[in-house]
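Working notes, beginning with the structure itself.
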Amino acid sequence: MRLNKFLSNSGVASRRKCDEIILEGKVEVNGKKVDSLGTQINEKKDKVTVEGRVIKLPSSFVYIKLNKPKGYACTANDEKGRKTIYQLIDTEERLFSIGRLDYDTEGLILLTNDGNFANQVAHPRYEMEKEYKVTAEGEIKESEMAVMRKGVVVDGERMPPARVEWLSFENGFTKLSVVINEGQNRQVRRMFEAIGHQIKLLKRVRIGGVKLGGLKRGEYRDLTEAELNLLVRAK
Ligand code: URA
């Protein structure tokens, strides 16, 4: 098997990113540094490491949906020592999340040990829709929603247009539904900062055809066959 395919199937990164990691000289096969992109390996016999970490193909695939609570990081080892989503899941498998949610965001996140699947679902080419429920301070006007629908400019960077629907206004807070395709860093929070409304609660409720459903905060379960098909068929 080609080395970059082995690395991406093991969940190291996308195939293109794995090429970069190889060229940077971070990969060793049987103790020898490899920096040629065409390298073939025997996945059953060869010992592959990335920066000293042994990389293995998963023995069986796991696909999970989790309701991430606020106050959990999506990194495996958080540099600030904060709680991580991996502490919520009881498994021996080395899982990784498909995309991320901010520390303060809650809701639907998908995890797997299938690198190939994760890279495909996360690929911008497939424009997987992500739906959020937002509670923001103040009364949000139609003109402000129009700005977000058009694509707001934040710090000189244009956020792509979003589908924005007004849901309610109660006790000084507006509730909205926001649907985006791309997942730029802190995209929803930055959109609301740009129109001058602080977000109080941000919750992801859907990725493509997969809904958060009735999962309680911190709860997780395997994706059903039907849910997996929705993600694969969207491509
Ligand atoms: N947009 C954000 O601002 N934060 C998230 O966690 C997800 C989308």
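Per DSSP helix of 4 or more residues, -39500 (n - 2.57); summed, then divided by the residues of the chain. What does that give at 222 nm, rounded to the nearest 500?
-6000 deg cm²/dmol
In nm, to one decimal, how far is the modelled label at K141 from the one at L230, with both set 7 Å along Cα→Cβ?
3.7 nm
In whole Hz, with x marking every Gly and Pro, tabulate ³J(HN,Hα) for region 65-77 from phi via Karplus 6.51 cos²θ - 1.76 cosθ + 1.60, θ = phi - 60°.
Using θ = phi - 60°, the values come out as 10, 10, 8, 5, x, 4, x, 10, 8, 9, 8, 6, 10 Hz.
Residue farthest toward the positive end of the dipole of the chain, with Cβ of Lys/Arg at +1 and Asp/Glu at -1: which of A13, N171, M159?
A13
For the chain, what is the charge dipole size about the Cα centre, in debye to the nearest 20, if Lys and Arg each add +1 at the Cβ and Asp and Glu each add -1 at the Cβ? Please list the in-between numbers first.
Details: 43 positive and 34 negative charges, 71 e Å.
Here the chain has a charge dipole of around 340 debye.
Mind giving me the FRET efficiency for E157 and V34? R0 is 30 Å, r the Cβ-Cβ distance, nearest 0.05 is fine. It would help to have the intermediate numbers written out before the result.
Numbers: r = 37 Å, r/R0 = 1.24.
After rounding, the FRET efficiency stands at 0.20.
Can you tell me the mean projection area, over all orientations, of the convex hull of the chain's alpha carbons? Units nm², please. Could the numbers behind the result be given before it?
Values: hull surface 58.1 nm².
With every direction weighted equally, the projected area is 14.5 nm².
Give me the percent relative contact order of the chain, please, defined on Cα pairs under 8 angstrom at least 6 residues apart. Provide the component values of the computation, followed by the final result.
Values: 440 pairs, mean separation 47.3, N = 235.
Computed over the chain, the figure is 20 percent.
Could you work out how far apart the two model spin labels at L167 and D102 are, taking each label as a point 7 Å from the Cα in the direction of the beta carbon, and quote it in nm?
With each label placed 7 Å out from Cα toward Cβ, I get 1.7 nm.
Points 7 angstrom from Cα along the Cβ direction at L215 and E93: gap in nanometres?
Going from the L215 label point to the E93 one covers 1.3 nm.
Between K45 and L23, what is the FRET efficiency for a Förster distance of 25 Å, r being their Cβ-Cβ separation, to the nearest 0.05? Mind showing how you got there, number by number?
On the way: r = 24 Å, r/R0 = 0.97.
With R0 = 25 Å, the Cβ-Cβ based efficiency is 0.55.
Quick check on the exposure proxy: order H123, H197 from fewest to most C-beta atoms within 10 angstrom.
Working: H123 12, H197 20.
Sorted ascending by nearby Cβ count, the order is H123, H197.
What do you get for GluC sites (Glu not before Pro) in region 168-210 restricted to DSSP loop and a cutoff of at most 13 other Cβ within 10 Å of the site's Cβ? Write out the running numbers ahead of the final one.
Numbers: sites: E170, E182, E193; in loops: E182.
Within region 168-210, the qualifying GluC sites (Glu not before Pro) (loop, at most 13 other Cβ atoms within 10 Å) are E182.
Spelling out what I want: for every residue of region 90-105, take phi, set θ = phi - 60°, compute 6.51 cos²θ - 1.76 cosθ + 1.60 (Karplus), and round to whole Hz; glycine and proline get x.
Result, rounded to whole Hz: 9, 8, 8, 6, 8, 8, 9, 7, 8, x, 9, 10, 4, 3, 8, 8.
Give me L66, L202 sorted ascending by neighbouring Cβ count inside 10 Å, so fewest comes first.
Details: L66 25, L202 22.
Lowest count first: L202, L66.
I'd like the Karplus ³J(HN,Hα) series for region 22-27: coefficients 6.51, -1.76, 1.60, θ = phi - 60°, whole numbers in Hz, and an x wherever there's a Gly or Pro.
Rounded to whole hertz, the list is 5, 5, 6, x, 8, 10.
Since every read-out is calculated from the coordinates, none of them should be taken as a lab result. This is a predicted model, so every value here is computed, not measured. All Cβ positions, glycine included, derive from the backbone under ideal geometry; neighbour counts span all protein chains shown.
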